[in-house]
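Undergrad: Structure incoming, see below.
Quick note: the coordinates plus some simple rules give every number you see, no bench work behind them. As the structure is a prediction and not an experimental result, all values here were calculated from the model. Cβ sites come from the backbone with ideal geometry, for glycine too, and all protein chains shown count toward neighbours.
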Amino acid sequence: MKLLRRQFLHGVAGAAALPALLRGALAETYPSRPVHFIVSFAAGGPNDIVARIVGQYLSDHLGQQFVIENRAGAAGNVGMQSALNSAPDGYTIAFAGPNYAINPGLYEKLPFDFIRDSVPVAGIMRLANVMDVHPAFPANNLAEFIAYAKANPGKINFASGGVGTSPHLSGELLKTMAGINLVHVPYRGTAPALADLLAGQVQVVFDNIPGSVGYIKTGNVRALGVTAPKRVAAIPDVPTIGETVPGYEVSIWYGIAAPKGTPPEIVEKLNQAVNAVLADPKLQARLAELAGEPMPMTPAEFGKLVAEETEKWGKVIRAANIKAE
């Protein structure tokens with residue numbers, strides 16, 4: 001009887017260990033077929049460009065193609081919902097950006113909870129926004145701008161590429177922290193906003209640095225500050241906004257997420273692969289061309305960043321009473 005019981009217990013222990021062994025074997029052979037890399041915005045935009053660059057490096061590193069799939073709509077919610085509803089097997093991953101920390105505060109109802117329904121995989125890149133004014137604007141630096149805005153409340157228009165975007169919230173955060181009243185003018189994209197700034201139709205534009213850097217260098221616009229915590233190599237003479245408004249900081253971050261339930265061994269293998277390609281000087285040079293810098297992270301670190309950003313932007317959105325268009 002004791003022998004039978006001992007054999008039974010050995011069998012139970014072996015059965016319990018089997019899933020872990022299978023997962024380990026799966027991670028060793030992963031990926032054995034192409035990986036679908038979902039980008040929730042249109043081809044040609046910043047999310048798509050970065051995803052394609054990193055996807056190619058991952059393809060070379062892991063020996064399987066990372067296939068970019070653009071599924072745009074509803075501020076990135078359509079594509080992300082599709083990704084998170086996919087099988088959690090590592091063969092569908094999603095490109096993640098700050099909109100997934102912003103949207104929970106912006107929309108009353110979402111088809112998913114990004115933090116609950118996803119698994120953080122890796123960080124990719126960090127970049128910043130920049131605050132531009134028309135050269136004729138009567139302020140040569142941010143301190144002068146804030147003084148002018150306080151003397152002229154509600155008379156300065158600031159433009160962005162749309163309600164709830166990172167540039168829009170960069171302006172809203174400045175309003176709150178500097179105690180100034182600016183009027184937001186949303187555009188359908190940054191290009192028309194910059195066109196109206198150049199024409200003098202609006203006084204201020206918050207923009208991703210890559211979109212403005214050419215105009216800054218030619219003197220067509222005056223950059224008063226970058227939103228990063230430190231000065232940016234692409235425009236080193238432009239101070240940070242935080243140098244004038246202590247504690248101010250806005251970073252645009254990109255990373256990778258996977259559906260909840262993706263095996264941790266596969267998440268770890270993907271994370272190691274991403275961090276390995278981010279250490280490649282050639283990839284770093286490509287990201288620098290976009291005014292970005294690599295953001296290698298563990299899955300836990302990337303998850304912590306998303307959670308902190310979600311809390312931060314939720315407070316800004318509630319304070320400014322911003323609603324999705």
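Undergrad: Relative contact order for the stretch 129-243: what percent, with Cα pairs under 8 Å and sequence separation of 6 or more?
TA: Relative CO of the stretch 129-243 lands at 36 percent.
Undergrad: When the dipole is taken about the Cα centre of the stretch 106-166, and only Lys, Arg (+1) and Asp, Glu (-1) are charged at their Cβ, what size is it in debye, to the nearest 20?
TA: In total the dipole reaches around 100 debye.
Undergrad: Something else about it: Give me the angle, in degrees from 0 to 90, between the Cα long axis of helix 264-278 and the longest principal axis of the Cα atoms of the chain, rounded to the nearest 10.
TA: 50 degrees
Undergrad: In percent, how large is the relative contact order of the chain, given Cα pairs closer than 8 Å and 6 or more residues apart?
TA: 26 percent
Undergrad: Given Cα pairs under 8 Å that are at least 6 residues apart, what percent is the relative contact order of the stretch 207-325?
TA: It rounds to 17 percent for the stretch 207-325.
Undergrad: I need the phi-derived Karplus couplings for the stretch 226-241: 6.51 cos²θ - 1.76 cosθ + 1.60, θ = phi - 60°, integer Hz, Gly and Pro marked x.
TA: 9, 7, 5, x, 9, 4, 9, 4, 5, 9, x, 7, 8, x, 7, 5
Undergrad: Another one. Rounded to the nearest 0.05, what FRET efficiency do Y107 and D280 give with R0 = 35 Å and r taken as the Cβ-Cβ distance? Could you check?
TA: Computed FRET efficiency for Y107 and D280: 0.40.
Undergrad: Could you give the angle, 0 to 90 degrees to the nearest 10, between helix 209-218's Cα long axis and the longest principal axis of the Cα atoms of the chain?
TA: Approximately 30 degrees, to the nearest 10.
Undergrad: How far is helix 299-320 tilted, in degrees, relative to the longest principal axis of the Cα atoms in the chain, given as a value from 0 to 90 rounded to the nearest 10?
TA: Tilt of helix 299-320: around 40 degrees.
Undergrad: Select from S59, V267, V213 the residue farthest towards the positive end of the dipole of the chain; place +1 on Cβ of Lys and Arg, -1 on Cβ of Asp and Glu, and compute about the Cα centre.
TA: V267
Undergrad: For the stretch 129-243, what is the per residue volume of the convex hull drawn over the alpha-carbon atoms, in cubic angstrom?
TA: Convex hull of Cα atoms, per residue: 88 Å³.
Undergrad: With Cα Rg over 2.2 N^0.38 Å defined as stated, name the option among (i) 0.98; (ii) 1.15; (iii) 1.97 computed from the structure displayed.
TA: This structure yields the entry labelled (ii).
Undergrad: Next up: Quick one: which residues, 5 or more positions from A96 or on another chain, have an amide H under 5 Å from its amide H? H modelled 1.01 Å from N in the peptide plane, none for Pro or chain starts.
TA: Amide H to amide H, under 5 Å and 5 or more residues apart or across chains, A96 pairs with G255, I256, A257.
Undergrad: While we're on this one: What full-extension length gain, to one decimal in nm, is calculated for L198 and N220 as 0.36 nm per residue of separation minus the Cα-Cα distance?
TA: Answer, rounded to one decimal: 7.2 nm.
Undergrad: Oh, and also: Checking the cross-link filter: which lysines have an alpha carbon closer than 19 Å to that of K175, excluding same-chain neighbours under 8 positions apart?
TA: K150, K155, K312, K315, K323
Undergrad: Now for a different question. Would you mind working out the magnitude of the charge dipole of the chain relative to its Cα centre, with +1 at each Lys and Arg C-beta and -1 at each Asp and Glu C-beta, to the nearest 20 Debye?
TA: Dipole of the chain, to the nearest 20 debye: 680 debye.
Undergrad: Please provide three numbers in whole Å: the alpha-carbon extents of the stretch 187-325 along the principal axes, with the largest listed first.
TA: Largest first, the stretch 187-325 extends 54, 40, 31 Å along its Cα principal axes.
Undergrad: Further question: Name the long-range amide H neighbours of R71: under 5 Å, sequence gap of 5 or more, or other chain; modelled H, no Pro or chain starts.
TA: Those qualifying (amide H under 5 Å, at least 5 residues apart or on another chain) are V39, S40, F41.
Undergrad: Based solely on its DSSP helices, what 222 nm [θ] is calculated for the chain when runs of n ≥ 4 H residues each add -39,500 (n - 2.57) and the sum is averaged over all residues, nearest 500 deg cm²/dmol?
TA: One gets -15000 deg cm²/dmol as the mean residue ellipticity at 222 nm.
Undergrad: Of V316, T298, Q284, which is farthest on the positive side of the dipole of the stretch 266-325, counting Cα position, with +1 on Lys and Arg Cβ, -1 on Asp and Glu Cβ, and the Cα centre as origin?
TA: The one lying farthest along the dipole's positive direction is V316.
Undergrad: Relative to the Cα centre, what is the charge dipole magnitude of the stretch 129-243, using +1 at the beta carbon of each Lys and Arg, -1 at the beta carbon of each Asp and Glu, and rounding to the nearest 20 debye?
TA: 40 debye
Undergrad: Based on alpha-carbon centroids, what's the gap between the stretch 265-325 and the stretch 101-119 in Å, whole number please?
TA: Rounded to whole Å, the Cα centres lie 16 Å apart.
Undergrad: Which whole-Hz ³J(HN,Hα) couplings does the stretch 64-77 yield from phi under the Karplus relation 6.51 cos²θ - 1.76 cosθ + 1.60, θ = phi - 60°, glycine and proline marked x?
TA: 9, 6, 9, 8, 6, 10, 8, 10, 8, x, 6, 6, x, 6
Undergrad: Right, something else. Would you be so kind as to identify which of L142, L169, A128 lies farthest towards the positive end of the dipole of the stretch 104-179, taking Lys and Arg as +1 and Asp and Glu as -1 on Cβ and the Cα centre as origin?
TA: L142
Undergrad: Calculate one ³J(HN,Hα) per residue across the stretch 140-148 by plugging θ = phi - 60° into the Karplus curve 6.51 cos²θ - 1.76 cosθ + 1.60, and present them in order as whole Hz with x for glycine and proline.
TA: Using θ = phi - 60°, the values come out as 9, 8, 5, 4, 5, 4, 5, 4, 5 Hz.
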